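Peer 1: Sharing a structure here in structure tokens format.
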Amino acid sequence: MDQSRRDQGCVAKLIRDAFALSDLKVRFVFMPWERAYQEGMKKEFAGSAYWYFSEKRAQDYIYTKQPITEEVSRFYHLKSLDFVYESYKDLSPHRLILNQGLTYPEELLQAVKDYDVSVVNATYTTKNLPYLLRGRADIAILTEQTKASYAQSLTIAQQKQLTYQEKPAFIKQGYLLINKQNRFLVSVFDNGVEKLWRDKNYYNEYVANCIKTELTIAAEK
């Protein structure tokens with residue numbers, strides 16, 4: 001999802017294309033994550049995109065059947081930082097950025113408590129890399145795609161200061177959430193995605209440009 005792009009990102013394009021098969025037009029309103037979650041439950045909106053699974057969200061919204069992303073999140077930091085990630089315990093000496101409104105694995109959040117990891121709360125993920133460069137935090141969590149997008153706004157010298165841990169921080173699948181006032185849109189969307197992904201060219205292009213992994217189960221349904 002990228003407000004600055006003409007297609008607003010490959011996930012936005014997929015959502016538009018899926019609903020277009022039923023002659024429904026989609027308009028996206030970009031907001032901070034937490035606000036987008038709250039606003040998405042109101043009747044003037046259809047839902048919110050895109051979100052990892054959590055039990056709380058499953059009570060507030062209806063999850064679509066089809067996962068539309070599978071993302072590898074990594075720990076990013078300055079090359080000068082003495083940090084080797086083998087387990088979440090290794091975060092303990094460092095300041096970790098956690099973004100409001102995002103979903104993190106319970107194991108990570110529990111480790112933050114158990115090992116007294118210092119947390120830097122941030123609203124916008126766009127601030128994560130600048131926080132590292134300015135020394136306001138030590139470690140940020142970003143998906144590979146998000147980091148690549150944000151790094152484009154940095155200078156070459158700044159980009160060279162950054163590195164990441166090869167072992168993923170975690171891997172999550174993302175879903176479109178539909179609010180309960182528009183529950184009929186769930187089957188509309190799921191059927192639309194299934195139709196789109198029967199076109200192998202469409203599916204392969206989506207995988208190559210958007211997720212870098214294969215949503216094999218969803219594609220074969």
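Peer 1: Looking only at the range 15-32, which residues are of a type outside the set (G, A, S), touching a strand residue (DSSP E or B) at 6+ places or on another chain (Cβ under 9 Å) and surrounded by 17 or more Cβ atoms within 10 Å (Cβ to Cβ)?
Peer 2: I15 - this is the single residue of the range 15-32 that is of a type outside the set (G, A, S), touching a strand residue (DSSP E or B) at 6+ places or on another chain (Cβ under 9 Å) and surrounded by 17 or more Cβ atoms within 10 Å (Cβ to Cβ).
Let's see how each residue does on (1) acidic (D, E); (2) open to solvent by 20 Å² or more (accessible area, probe 1.4 Å); (3) in a loop (DSSP other than H, G, I, E, B):
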residue: G135; (1), (2), (3): no, yes, yes
residue: A140; (1), (2), (3): no, no, no
residue: T146; (1), (2), (3): no, yes, no
residue: A157; (1), (2), (3): no, yes, no
residue: K172; (1), (2), (3): no, yes, no
residue: L177; (1), (2), (3): no, no, no
residue: V188; (1), (2), (3): no, yes, no
residue: E205; (1), (2), (3): yes, yes, no
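Peer 1: Only one of these is over 23 Å from Y124 (Cα atoms), open to solvent by 20 Å² or more (accessible area, probe 1.4 Å) and among the polar types (S, T, N, Q): S87, S4, S54. Name it.
Peer 2: That would be S87, the only listed residue that is over 23 Å from Y124 (Cα atoms), open to solvent by 20 Å² or more (accessible area, probe 1.4 Å) and among the polar types (S, T, N, Q).
Peer 1: Checking A140 against (1) touching a Phe, Trp or Tyr at 6+ places or on another chain (Cβ under 6 Å); (2) farther than 25 Å from S87 by Cα, only one condition comes out false. Which one?
Peer 2: Going through (1) touching a Phe, Trp or Tyr at 6+ places or on another chain (Cβ under 6 Å); (2) farther than 25 Å from S87 by Cα one by one, A140 breaks only (2).
Peer 1: Related question: Which condition number does D82 fail, the rest of (1) part of a loop (DSSP other than H, G, I, E, B); (2) within 21 Å of the chain's Cα centre (by Cα); (3) not small (G, A, S) being met?
Peer 2: Evaluating D82 over (1) part of a loop (DSSP other than H, G, I, E, B); (2) within 21 Å of the chain's Cα centre (by Cα); (3) not small (G, A, S) leaves (2) as the failure.
Peer 1: Also, quick follow-up: As an exercise: evaluate K113 against (1) surrounded by 18 or more Cβ atoms within 10 Å (Cβ to Cβ); (2) at pLDDT 95 or above; (3) not in a loop (DSSP other than H, G, I, E, B) and give the number of the one condition it does not meet.
Peer 2: The one condition K113 does not meet is (1).
Peer 1: Quickly run through the range 90-110 and pick out the residues that are open to solvent by 10 Å² or more (accessible area, probe 1.4 Å) and in a helix (DSSP H, G or I).
Peer 2: Within the range 90-110, D90, E106, E107, L109, Q110 meet the criteria.
Peer 1: Same structure, new question: Is it the case that V119 is open to solvent by less than 90 Å² (accessible area, probe 1.4 Å), assigned to a strand (DSSP E or B) and of a type in the set (V, I, T)?
Peer 2: Yes.
Peer 1: Quickly run through the range 104-139 and pick out the residues that are aliphatic (A, V, I, L, M) and without any contact (Cβ under 8 Å) to a residue 40 or more places away in the chain.
Peer 2: Matches in the range 104-139: L109, A111, V112, V117, V119, V120, A122.
The values are calculated or read from the model by the stated rules, or taken from the named source; none is laboratory data. Every value quoted in this text rests on a predicted model; they were computed, and no experiment measured them. Counting neighbours? That spans all protein chains shown, and the Cβs are built from the backbone with ideal geometry, glycine included. Just the protein is used for accessible areas: all its heavy atoms, side chains included, with ligands, DNA and RNA removed. Shrake-Rupley method; radii C 1.70, N 1.55, O 1.52, S 1.80 Å.
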